[in-house]
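The values are calculated or read from the model by the stated rules, or taken from the named source; none is laboratory data. A quick note: this is a predicted structure, and the numbers were derived from the prediction, not measured. With ideal geometry, Cβ positions are generated from the backbone for all residues, glycine too; neighbour counts draw on all protein chains shown. Protein only, heavy atoms only, side chains kept; ligands, DNA and RNA dropped before computing areas. Shrake-Rupley method; radii C 1.70, N 1.55, O 1.52, S 1.80 Å.
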Amino acid sequence: MSEPVLKVDRLSLSLPSVADRAFALKDASFEINAGETLCVVGESGSGKSMTAHAVMGLLPPAVKVAGGSIKLAARELLKLSDREMRQVRGRDIGMIFQEPMTSLNPLMRIGDQIREMFEAHGALDPSARQKRALELIEEVGLPDPARIVRVYPHQLSGGQRQRVMIAMALALEPKLLIADEPTTALDVTTQAQILKLVDRLRSDHGTAVLFITHDFGVVAEIADRIVVLQNGEICEAGKTAEVLRAPTHPYTRKLIAAVPSITPPDARALADAPAALTVEGLAKTYKSGGFFAKGRQVKAVDDVSFAIRPGETLGLVGESGSGKSTVGRCCLRLIEPDDGTIRLETVEIQAMTQRALRPHRSRIQMIFQDPYASLNPRRSVGRIIAEGPVAQGVDRKAAMRRARELLDLVGLTPAAADRYPHEFSGGQRQRIGIARALALDPKVLIADEAVSALDVSVQAQILDLIRDIQKRLGVAILFVTHDLRVAAQICDRIAVMQSGRIVELAPTAELFANPTHDYTRKLLAAVPGRDAFAHAN
Amino acid sequence: MDLLRFVAMRLGKGVIVLFAIAVLNFFLVRAAPGDPAQVMAGEAGAGDEVFLEQLRQQFGLDRPLYEQLWTYLSNYATLDLGFSYRQQQPVLDLILDRLPATLLLTGAAFFISLALGVVLGALAARRVGKWSDSAITTLALVFYATPLFWIALMSQIVFSLKLGWLPNVGFETIGAGYTGFERALDIGRHLVMPALTLGLFFTAIYARMMRASMLEVAGADFVKTAYAKGLSPSVITRRHIARNAILPVVTLAGLQAGQLVGGAILTETVFAWPGIGRLMFEALAQRDYSVLLGVFFVSSAMVVVFNLVTDIIYRIVDPRIEASA
């Protein structure tokens, strides 16, 4: 066996003294051979991103290397000067990042940004650079390279931008490619394409790939070997198939068990009651321009109809831009629909003035995606929860008492009412968000990507909580998500949206077993690691 | 192509704005006590009925209001901004006489503040936390907080009276009879103090803004990408950070550019600079309405023009604007 491309040996990274642990990474050792993909897996805060940045020599100033070595093709990287390390970056190690939307300079043409790679390392002469840039764009599967080199990043989609990032990272044929959660921000079908692309380039060029991810589905798709990180320490390492089949460490077992299965559980029996929320012929069109300029129209929601019974969860799945979030917001009239009927039990709310709607607002509530941004940081948790009832005329003292009960209901201590949102973790905040939504005794909950920002283990807990609350309170839930695994586990029926329309609506088990629409089939096929995680939870 | 349509569209809107301002002007004079004839007579220093009647006929003030408005607007359309009785000159001539001096002063101040502010701000951001950063931010704060007229008076005392480096007041040396290059140099020497004084305030704002903006952009994802490419820190600062950081400064500069004509009253007064600001101030003191309204109209026109220029520049420096126009 030849020398590994990357050999990390007993690497430790120290955190500043104010952090909640002393080491971002402790005594971590692993190696990657040419043409091999190693996945570093872990939850947020596990130190997986720090590992990638340490190899690249781009640690934040507060994080210091406390010991160990990083060898790239037998060359010790930790001993290099700044200037020498700059030559390694880009030439010997390429890197792609999580956020394709913001990872490219918005003011530079794509071609210039790719050419900059050659320029930084004095590679090729100017005309050869242009030619090579076109070849690279072609190689990562972007259409019409001659046009792509001239456009700016904002003219490309997220998936296209990530392809540009990959083209750039591979421009100088580096020995090692570091991919830091490169598909997390992408739609499932785009994700599948990008994973395929990375894998093809790896085998074509014999590049070693260090792939950072939190998603075991992705791991199953792409990794030859994996390293599992828990709180900065490697708790398990080995061949992907073996670790996924027979994880030895309890933490790995917990993580794998928490991955929602793509196989839906048996259907629940639901009482035949009149619908809690009925939507008929909903439509919303966005117009741009006006006043002299000719307008452009986008049909965000086009003739959408569905009904949800009490105690039922209807999933609304689709890719970004499919209009699923707009539907959710229209039901609450946070966005004003252009057409259609929205009925809460027996009350039609689509034509009410906002003032007339206010008393009915208690019946339909929302759980938001971002547990960090959706709670006012300057108000105590108790007041956040009590605010809705107080606005509806409930006595302040009674509302606060109810807030404490609700905190208990969502699995937090009632004493949390006196603390502020920043004192809680993401999962705890989402519990607070749920308590807030429940404070008004709603009949309908709209959950907009309510678990998408959470780690899998936390995600599983929140899903359990939502199921439990639904059983106890009998609320109808419209569950908006892009994640088919999550939808499989929590929804009774699923509506698939594409370009503003519902293309298929069926009971969950039926939809997964016999998808009738092409688009549904395409979505299902794109779910990463679908074979590895077909087990029923 | 797109740019042409955009400019045409904006020019169209500009004409509408100017039309509205002209109409507003027309009714402003008529909102004053008495009729415009009395105002004019007052200006001319005479008040008897015969003279008033004569004025009314001469200016068509005995005609119906809509006819007067029509005449007024047609006059404005041909750039006839009225006549100042006090100065015995057409208003347009008075303004055109003063406009170059004002544009020279405010234009110079504008470019000084922009160049100085951007450079100092970028420098402070590069050395954030070091003593040079503290020095620049403190100085910026001092200039931001100090009243303009005080800086003007102090600089006159120090650089003109004590040190004798620069002329104290005025636009050029009166009676020296300089021509050509010599005259330009003379005006330039007179320009230094007022332009710097006027520019300091905005230098301070731009410097602070540029610094904050640079620090914000330095944390952006594409800067991380630039490091990962192996670019040197100076290239990253210049090409990736500074270019993006300058965008909010351009927006602000556009707002300042709109004030180029009307915003220098104080400086012009202290330095006896013969510009629009002083013309306006004198007209105000003498109740010379036609001049005031003329200045009002011309400054509005300048605001419209400079806003358009800013928007065009913005579309050039930021390619994303095109998409959302």
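Could you compute how fast the range B:129-175 diffuses translationally, taking Rh as the Kirkwood radius over C-alpha pairs and applying Stokes-Einstein at 4 °C with viscosity 1.567 mPa s? Give it in µm² per second.
On the way: Rh = 12.8 Å.
Stokes-Einstein gives a translational diffusion coefficient of 101 µm²/s.
Got a sec? What order do A:Asp144, B:Asp318 fall in by accessible area at 1.4 Å, biggest, i.e. largest, first? It would help to have the intermediate numbers written out before the result.
On the way: A:Asp144 85, B:Asp318 10 Å².
In descending accessible area the options line up as A:Asp144, B:Asp318.
Let me check I've understood the local charge: for B:Leu92, count other residues with C-beta under 15 angstrom from its C-beta, Lys and Arg +1, Asp and Glu -1. What total comes out?
Residues close to B:Leu92 contribute a combined charge of -3.
Over all directions, the average projected area of the alpha-carbon convex hull for the range A:297-390 comes to how many nm²?
8.0
For every other residue with a beta carbon closer than 14 angstrom to the beta carbon of A:Val317, add +1 if it is Lys or Arg and -1 if Asp or Glu, then tell me the sum.
-1
Could you tell me which of rounded, prolate or oblate describes the range B:183-260, using a ≥ b ≥ c as the square roots of the eigenvalues of the alpha-carbon gyration tensor, with rounded for a/c under 1.5 and, failing that, prolate when a/b is larger than b/c and oblate otherwise? It would help to have the intermediate numbers written out before the result.
Values: a/c = 3.62, a/b = 2.34, b/c = 1.55.
Prolate is the answer for the range B:183-260, as a/c is 1.5 or above and a/b outweighs b/c.
Which residues of the range A:152-199 end up with at least 10 Å² less accessible area in the presence of all protein chains than when their chain stands alone, using a 1.4 Å probe?
Buried on complex formation: A:Tyr152, A:His154, A:Met168.
Placing +1 on the Cβ of each Lys and Arg and -1 on the Cβ of each Asp and Glu in the range B:59-111, which of B:Gly60, B:Gln88, B:Phe111 has its Cα farthest towards the positive end of the resulting dipole?
Among B:Gly60, B:Gln88, B:Phe111, the one farthest towards the positive end of the dipole of the range B:59-111 is B:Phe111.
Run the helix sum for the protein assembly as shown: -39,500 (n - 2.57) per DSSP H stretch of 4+ residues, divided by residue count, reported at 222 nm to the nearest 500 deg cm²/dmol.
-15500 deg cm²/dmol
To the nearest 0.05, how large is the calculated FRET efficiency for A:Tyr372 and A:Arg467 if R₀ is 22 Å and r is the Cβ-Cβ distance?
FRET efficiency, A:Tyr372 to A:Arg467: 0.35.
State whether the range B:252-309 is rounded, prolate or oblate according to the following rule on the C-alpha gyration tensor (a ≥ b ≥ c being the square roots of its eigenvalues): a/c under 1.5 gives rounded; otherwise a/b larger than b/c gives prolate, and the remaining case gives oblate.
On the way: a/c = 3.34, a/b = 1.45, b/c = 2.30.
Oblate.
Say a paramagnetic label sat at a point 7 Å from the Cα of B:Lys162, along Cα to Cβ; which residues of the range B:242-283 have their backbone N under 18 Å from it?
No residues fall inside that zone.
If you take the accessible area of B alone, add that of A alone, and subtract the area of the pair, what total do you get in Å², probe 1.4 Å, to the nearest 100?
2400
So if I place +1 on the C-beta of Lys and Arg and -1 on the C-beta of Asp and Glu, and nothing else carries charge, what would the dipole magnitude of the protein assembly as shown be about its Cα centre? I want it in debye, nearest 20.
Working: 93 positive and 86 negative charges, 282 e Å.
For the protein assembly as shown, the charge dipole is close to 1360 debye.
Using a 1.4 Å probe, what is the accessible area per residue for the range A:221-341, in Å²?
On a per-residue basis, 48 Å².
Once both axes come from the Cα atoms, what is the angle between helix B:2-31 and the longest principal axis of chain B, in degrees from 0 to 90, rounded to 10?
40
Based on the mean of other Cβ atoms within 10 Å per residue, sort peptides A:36-45, B:173-182 so the most packed one is first.
A:36-45, B:173-182
A:Glu336: accessible area at probe 1.4 Å, nearest 10 Å²?
The accessible area comes out at roughly 70 Å².
Could you work out, residue by residue across A:96-107, how many beta carbons of other chains sit within 10 Å of that residue's beta carbon, and then give the average as an integer?
Mean shielding count: 5.
Expressed as a rounded percentage, what relative contact order does chain A have, with Cα pairs under 8 Å and six or more residues apart?
Relative contact order comes out at 16 percent.
Using per-residue counts of other Cβ atoms within 10 Å, averaged over each peptide, order A:480-489, A:406-415 from highest down.
A:480-489, A:406-415
Could you check the simple spin-label distance between A:Lys79 and A:Ala525, using points 7 Å along Cα→Cβ, in nm with one decimal?
According to this spin-label approximation, the distance is 5.2 nm.
Taking the full set of protein chains and a 1.4 angstrom probe, give the accessible area of B:Trp165 in square angstrom, rounded to the nearest 10.
Looks like 150 Å² after rounding.
Calculate the dipole size of the range A:67-226 relative to its Cα centre from +1 charges on Lys and Arg beta carbons and -1 charges on Asp and Glu beta carbons; express the result in debye to the nearest 20.
So the dipole magnitude of the range A:67-226 works out to roughly 400 debye.
Sorted by accessible area with a 1.4 angstrom probe, largest first, how do A:Glu236, A:Glu3 fall? Walk me through the numbers on the way to the answer.
Working: A:Glu236 15, A:Glu3 105 Å².
Order by accessible area, largest first: A:Glu3, A:Glu236.
In chain A, which helices (entire DSSP H runs) extend 15 Å or more along their own long axis, judged by Cα positions, while averaging at least -1.0 on the Kyte-Doolittle scale?
A:110-120, A:126-139, A:158-169, A:188-205, A:381-391, A:396-409, A:426-438, A:456-473
Given R₀ = 56 Å, what would the calculated FRET efficiency be for B:Ala176 paired with B:Ile313, taking r from the Cβ atoms and rounding to 0.05? All intermediate terms of the calculation are to be shown ahead of the outcome.
Details: r = 39 Å, r/R0 = 0.69.
So, using R0 = 56 Å, E works out to roughly 0.90.
Assuming a ≥ b ≥ c are the square roots of the Cα gyration tensor eigenvalues, decide whether chain B counts as rounded (a/c under 1.5), prolate (otherwise, with a/b larger than b/c) or oblate.
Note, shape of chain B comes out oblate.
Report the local net charge at A:Thr341: Lys and Arg +1, Asp and Glu -1, summed over other residues whose C-beta lies under 10 Å from its C-beta.
Net of charged neighbours comes to -2.
Simple spin-label model, 7 Å along Cα-to-Cβ: B:Asp97 to B:Leu69 in nm?
3.3
Return one whole number: the accessible area per residue of chain B in Å², for a 1.4 Å probe.
On the way: 16900 Å² over 325 residues.
About 52 Å² of surface per residue is accessible.
So which lysines pass the test for A:Lys64, namely a Cα distance under 21 Å, with those fewer than 8 places away in the same chain ruled out?
Result set, ordered by chain and number: A:Lys7, A:Lys26, A:Lys48, A:Lys79, B:Lys224.
Would you please state the base-10 log of I(q)/I(0) at q = 0.05 1/Å for the protein assembly as shown, with intensities from the Debye formula using one equal scatterer on every alpha carbon?
-0.42
Leaving out ligands, DNA and RNA but keeping every protein chain, what accessible area does A:Met108 have, in Å² rounded to the nearest 10, with a 1.4 Å probe?
About 20 Å², ignoring ligands and nucleic acids.
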